[in-house]
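A short write-up of the structure that comes next.
The values are calculated or read from the model by the stated rules, or taken from the named source; none is laboratory data. This is a predicted model, so every value here is computed, not measured. Neighbour counts run over all protein chains shown; Cβ positions are idealised from the backbone, glycine included.
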Amino acid sequence: MPGQPKSVTNPRLKLHVFSPEEIQKIHTATLDVIESVGVRFPSQRALDIWEAHGADVDRETKVVKVRGHIIEEALKSCPPVYSLAARDPQQDLPLDGNHVWVGTDGCGVEVIDLYTGKRRVSCLRDVVEIARVADALDEIGFHWVPVSAQDKPARTRGLHEIKAIWENSTKHVQTESIYNEHEARAAIEMAAVIAGGREALRKRPVLSLMQCTAPPLGHDGGSLDAALLAAEAGIPTGFMTMTACLTTAPATLAGNLVVGNAEVIAATALLQLAFPGAPVFYAAAQTASDLRSGAYTGGGPEDFLFGAATNVLADYYNIPLSMGSFATGAKEPNWQAGVDNSLSTFMASVVMSDMLLGVGFLHGSRIWSYAEMLMDCEIFEIIRRVINGIEVNDDTLALDVIKAVGPGGNFLTHKHTRQHMREIFVPQFMDRRPYNIWEEKRDGAVDWATAKARHILETHQPVPLDPGLSAELARIIALAEEA
Amino acid sequence: MSQELFDAMKQSIVDGDPDLAAELARKAVAQGVNPLEALNQGFVPGVNYVGEQFSAGEMFLPDLVIAGEAMKAAVAVLEPELAKSGGQREVLGKVVMGTIEGDIHEIGKTLVVTMLSATGFQVYDLGVDVPVMKFVEKAREVNADIVGISALLTTTMVKQKDVIEALEDSGLRPRVKVMVGGAPVTQSWAKEIGADGYSEDAVGAVAVAKQLVGS
């Protein structure tokens, strides 16, 4: 059975992104935007809450203008530290600023089939199988719904997806695919079944909800209603901005941060006004649109900088961050994927973003690849080791050992070497073989990662979910389908 | 002289200056310049130049979009003048475009609208969260050549198919081409639901639309 997932923790490396004055400027500009331009909240319930708390609400345009001190006061009730609970309590994930956890990415629409290698439309079975593989991988801390179960009815699709993951893994489930009141109500009931009741769920949230904002400066009504229900139930809830320079945000990076920040903190403040102390997180995957096509890029220096900058903002508000990293725009696992995913993940990790999303995708989070998933896990392992830095003490300085071996000897046979050698990275997918072996076999990372994924899928048995609970989940979904 | 005016018109498009483009269009009207000539010899060469520069990698998407906005401003002044004289500008085709019901994602659809307008299509933008029948009604009303349906969610993408079926039920389908787009939409989905065209981005969408109207 898999143990506690791996994380970046106790980092020795540090990165300086903003001075305190710069972060203050971004915050002040953000409040200016929320107060003078406003943010669109197209939800009756959200508008009522805003009005009750003294915001300037335009019922026609659904745009809400809020004075800065209301936002600042509201954000003070955000809990700075809490845990994402798992079916297996050993796999709970503390969001305490000293751990970086990785999830599977979502929500894609196609899958590179693990056996045929062909690209096809995603279905529920893919959600099941990706969950099983993710369950076995120590690098993966939690699940996002990785691909859309397009063979299930749109009305309850999001529910089938989370059920499939709970049935195939003991790790925490976060869904980004439930964005209306109808499904959110049922999802909360399902989570309560897993946790053992509504009060137990509040203490051990086995589900968390992520909602996308609608940039620039807007939200989706269904998302707001779903988020309010989740916050009421004590389910950790986050708003993710994906502001893109040129299209949904200014061309300049600082301006992009302001637009996205306004969306996220305004919605977060709304949840706190309604339910003070509700567990919330900041979520972001800002980017720059491609200059030629306007498309989402899934990489590039702007994305890497956003990855590092956003945690400074989340820290300023003292709430956990879920940051978009990995998610290369590459069409297959290749050089571009390696560059994109290594740098984005390094930058988001070195500043200690609490959650990273996530492994497994090609073509800007659209096409699932098991090979990419496994290779992303290896990237995370490398970055984890790099950020841990170099420990300096008597044992690691190894003066006695150096003196004992002396000039011209070697360290292979020394006891100290055997004591510490397993701290050295052993790659799974890097080719370090002699040239002639490669020449003969002509295989590499993608082949090995694919083989490992197949092996896991064929042999790994996740701890099953109690069939009684499974039946209860199915019953809730059936009711939601009819309602 | 007209040539000087035409050059200024072209430049206003290249510089992406809607105010100046409109002003030059009004000036042409005041001077009695034939509105069709003003369009074809003044403004259109600007659009063509920007298009060429874009293809060559010298200009970027924002250049195209802002040139499109400038063109729109010029057309808004010149089109009524054309109508007065009983003429009309040459359009490549009429396009009804919107983001499907239940979906509020706008930016991709709006980009395609701007690009198609700038290229010479007459575009009717229905906005976001557009009911299935609204596409059909508008297509009938304006006698559309193309209906374009955008969706960003897998749950709303399925309704692109409903639009195609509704076009069939209403008898419009044989004379209307259907284009689909949006992040979860793929070539194979387009094929599965019987759409005539698909593109992953706005620049590609223009090429597809041109192909669909046979120009």
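Run down B:Val65, B:Val50, B:Val44 and say which single residue is of a type in the set (Val, Ile, Thr) and more than 14 Å from chain A (Cβ to nearest Cβ). Even if it seems obvious, please write down each step before you answer.
Working: B:Val65 fails: more than 14 Å from chain A (Cβ to nearest Cβ); B:Val50 fails: more than 14 Å from chain A (Cβ to nearest Cβ).
After ruling out the rest, the residue left standing is B:Val44.
Name the pairs whose Cβ atoms lie under 6 Å apart, with the first residue in the stretch A:46-58 and more than 9 Å from A:Leu270 (Cα to Cα) and not assigned by TED's automatic domain parsing to the domain that holds A:Leu224, the second among the aliphatic types (A, V, I, L, M) and part of a strand (DSSP E or B), and 6 or more positions between them or separate chains?
Note: pairs meeting the criteria are A:Leu47/A:Val57; A:Glu51/A:Val57; A:Ala55/A:Val64; A:Val57/A:Val64.
Residues that are at pLDDT 95 or above, surrounded by fewer than 20 Cβ atoms within 10 Å (Cβ to Cβ) and within 24 Å of A:Leu321 (Cβ to Cβ): does the stretch A:131-142 have at least one?
yes
Given the structure, is A:Gly234 away from chain B (no Cβ under 14 Å), on the phi > 0 side of the Ramachandran plot and touching a residue at least 40 places away in the same chain (Cβ under 8 Å)? Walk me through it before giving the result.
Values: away from chain B (no Cβ under 14 Å): yes; on the phi > 0 side of the Ramachandran plot: yes; touching a residue at least 40 places away in the same chain (Cβ under 8 Å): yes.
For A:Gly234, the condition - away from chain B (no Cβ under 14 Å), on the phi > 0 side of the Ramachandran plot and touching a residue at least 40 places away in the same chain (Cβ under 8 Å) - is met.
Out of the residues in the stretch A:108-126 meeting the condition of being within 14 Å of chain B (Cβ to nearest Cβ) and β-branched (Val, Ile, Thr), tell me which one is surrounded by the most Cβ atoms within 10 Å (Cβ to Cβ).
A:Val111
Going by what's in this entry, would B:Val123 be described as touching a Leu at 6+ places or on another chain (Cβ under 8 Å), within 30 Å of B:Leu5 (Cβ to Cβ), away from every other protein chain (no Cβ under 14 Å) and surrounded by 21 or more Cβ atoms within 10 Å (Cβ to Cβ)? Can you show your working first?
Details: touching a Leu at 6+ places or on another chain (Cβ under 8 Å): yes; within 30 Å of B:Leu5 (Cβ to Cβ): yes; away from every other protein chain (no Cβ under 14 Å): yes; surrounded by 21 or more Cβ atoms within 10 Å (Cβ to Cβ): yes.
Yes, satisfied.
For the stretch A:290-306: of the residues being among the hydroxyl-bearing types (Ser, Thr, Tyr) and buried (at least 20 other Cβ atoms within 10 Å of the Cβ), which is nearest to the other protein chains (Cβ to nearest Cβ)?
Here the answer is A:Tyr296.
Take the residues of the stretch A:353-376 that are touching a strand residue (DSSP E or B) at 6+ places or on another chain (Cβ under 6 Å) and surrounded by fewer than 24 Cβ atoms within 10 Å (Cβ to Cβ): which is nearest to the other protein chains (Cβ to nearest Cβ)?
Looking at the filtered set, the residue picked out is A:Arg366.
Quick one: count up the residues across the stretch A:397-440 that are more than 30 Å from A:Met375 (Cα to Cα) and in a helix (DSSP H, G or I).
Of the residues in the stretch A:397-440, 10 are more than 30 Å from A:Met375 (Cα to Cα) and in a helix (DSSP H, G or I).
Residues of the stretch A:146-179 being away from chain B (no Cβ under 14 Å) and part of a loop (DSSP other than H, G, I, E, B), which ones? Can you show your working first?
Quick first cut of the stretch A:146-179, residues away from chain B (no Cβ under 14 Å) only: A:162-174.
If the condition is that a residue be away from chain B (no Cβ under 14 Å) and part of a loop (DSSP other than H, G, I, E, B), then A:Ser169, A:Thr170, A:Lys171 are the ones that fit.
Might you check whether a residue that is in contact with a strand residue (DSSP E or B) (Cβ under 8 Å, 6 or more places away or on another chain), at positive phi and either touching a residue at least 60 places away in the same chain (Cβ under 8 Å) or within 13 Å of chain A (Cβ to nearest Cβ) (or both) occurs anywhere in the stretch B:140-162?
No.
For B:Phe135, are the conditions met, namely being surrounded by 19 or more Cβ atoms within 10 Å (Cβ to Cβ) and touching a residue at least 60 places away in the same chain (Cβ under 8 Å)? Break it down into steps so the answer makes sense when it comes.
Details: surrounded by 19 or more Cβ atoms within 10 Å (Cβ to Cβ): yes; touching a residue at least 60 places away in the same chain (Cβ under 8 Å): no.
No: the conditions fail for B:Phe135.
What are the pairs, 6+ residues apart or on separate chains, where a residue within the stretch B:95-113 that is within 10 Å of another protein chain (Cβ to nearest Cβ) has its Cβ under 6 Å from a residue that is among the acidic types (Asp, Glu) and not in a helix (DSSP H, G or I)?
Hits for this filter: B:Ile104/A:Asp220; B:Ile104/B:Asp129.
Counting only residues that are within 20 Å of the chain's Cα centre (by Cα) and not in a helix (DSSP H, G or I), which one in the stretch B:28-69 is surrounded by the fewest Cβ atoms within 10 Å (Cβ to Cβ)?
Among residues in the stretch B:28-69 that are within 20 Å of the chain's Cα centre (by Cα) and not in a helix (DSSP H, G or I), the one surrounded by the fewest Cβ atoms within 10 Å (Cβ to Cβ) is B:Phe60.
Restricting the first residue to the stretch B:164-188 and requiring it to be within 14 Å of chain A (Cβ to nearest Cβ) and of a type in the set (Gly, Ala, Ser), which pairs with a second residue that is assigned to a strand (DSSP E or B) and crowded, with 22+ Cβ neighbours inside 10 Å meet a Cβ separation below 6 Å and a spacing of at least six or different chains?
Taking only residues 6 or more apart or on different chains, the pairs are B:Gly181/B:Ser150; B:Gly182/B:Ser150.
In the stretch A:265-289, which residues are within 14 Å of another protein chain (Cβ to nearest Cβ) and under 16 Å from the mean Cα position of the chain (by Cα)? Lay out the reasoning, then the answer.
Here is the first cut: in the stretch A:265-289, the ones within 14 Å of another protein chain (Cβ to nearest Cβ) are A:285, A:287-289.
Hits for the stretch A:265-289 are A:Ala285, A:Thr287.
Exactly one condition in (1) modelled with pLDDT under 95; (2) of a type in the set (A, V, I, L, M); (3) touching a Gly at 6+ places or on another chain (Cβ under 6 Å) is false for A:Val109; which is it?
(3)
Got a number for residues in the stretch A:321-375 being touching a helix residue (DSSP H, G or I) at 6+ places or on another chain (Cβ under 7 Å) and either over 28 Å from A:Asp113 (Cβ atoms) or among the charged types (D, E, K, R) (or both)?
Matching residues across the stretch A:321-375 total 12.
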